[in-house]
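One structure below.
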């Protein structure tokens, strides 16, 4: 007789104990089998079909775009389930409920726990032809079950990795969105941009509209060809937006001014707590998506949604005195965007301190080249133990660009940085979502 989970923490620990492909790359190619996820969903009466879905893939910006869109739809009156990854402090961050009056919240404890126990019991009784599910597959299934039980009227669904074989690709969306694509996870998605784009394009479905961010031309070619094959209406966001301008406030927010093409009467300006020029581009993408879904959507709903949108670890301002910003940027492009937003917000707030740490498989040298000359003090730390890292090796890379310090323990690094910045300085934590999570824990 299987003992039931008595807390959601027990359930998440059980899921994490399985094949966790976010933590280890071992057997990753073997483990990606969409047929298993299809079979798994059928065991639970296909919860992914309970309400309309917007499906997002891409290399960067999909989590923030998903958050913007979720809050916009909530302001319209939709009870929206938001599924993103990874999380900073709690697995429940991945499956939030966004409502007009209540804001963002975790799913109800009793619903989560009941769904976890149902999953475990069903898996003990059933034998899946594709083998036992992975952690991410079970988390995705759990989100579908929770959103159905919570009676969500819309789901905004972010892929984990790739698209074609991602566990989320069992959905039949109302709209597909593809954010900027760059080289990433080449050992699984392919060695070229075209191959990677082909994997991401796997979320494009027959006759389902697809909205695409600005891309390199070779990526556009792949995406548009896939859309043509699937007879999917194909929209480019830069056919809608002409110009975006941002200014920053001392409240740790930014003001965005949008110039739209072809006399579109979309929102002209907005305030956002997610900061940076990249976030402004994500906001424009979300506005366009919302307007395609609901052409009569009011500007007030869009503006309120953008102002309220937040997502842990994405351009997250934890304090304004001193300024403390967390950003899970882990590629040169995203690190550059995080630096630009931080410098615009920090201005005369010195000293500027950086705590940086990244996993072993990231481009530490590329990020170091972009970050090293912008800070008065740089601390290299360990981004937790979830993925393999080499803080000493990263410190040596940073030292080729300028001075840095190695404080492997993230809490010791945080304490040292806080002594420096007092109330007048500024701190950026970046390089890894896992490092951002460690620092987030330390500040709570």
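For the range 394-404, the condition holds for no residue, the condition being that it is under 16 Å from residue 358 (Cα atoms), in contact with a helix residue (DSSP H, G or I) (Cβ under 9 Å, 6 or more places away or on another chain), exposed (fewer than 14 other Cβ atoms within 10 Å of the Cβ) and assigned by TED's automatic domain parsing to the domain that holds residue 330. Within the range 202-222, the only residue that satisfies the criterion of being buried (at least 24 other Cβ atoms within 10 Å of the Cβ), part of a helix (DSSP H, G or I) and free of Cβ contacts under 8 Å to residues at least 60 places away in the same chain is 219. Every test in (1) farther than 20 Å from residue 308 by Cβ; (2) part of a helix (DSSP H, G or I); (3) touching a strand residue (DSSP E or B) at 6+ places or on another chain (Cβ under 6 Å) is passed by residue 113 save one, and that test is (3). Residues 274, 311, 285: which one is farther than 22 Å from residue 105 by Cβ and outside the structural domain of residue 88 (by TED's automatic domain parsing)? The match here is 285. Within the option set 354, 360, being in contact (Cβ under 8 Å) with a residue 40 or more places away in the chain and not in a helix (DSSP H, G or I) holds for one residue only, 354. With respect to (1) surrounded by 18 or more Cβ atoms within 10 Å (Cβ to Cβ); (2) touching a helix residue (DSSP H, G or I) at 6+ places or on another chain (Cβ under 8 Å); (3) at pLDDT 90 or above, the lone exception for residue 330 is condition (3). Going by the conditions given, is residue 382 closer than 20 Å to residue 86 by Cβ, modelled with pLDDT of 95 or more and part of a loop (DSSP other than H, G, I, E, B)? Yes: the conditions hold for residue 382.
The values are calculated or read from the model by the stated rules, or taken from the named source; none is laboratory data. Source: prediction; values computed, not measured. Positions of Cβ are generated from backbone atoms using ideal geometry, with glycine treated the same way; all protein chains shown enter the neighbour counts.
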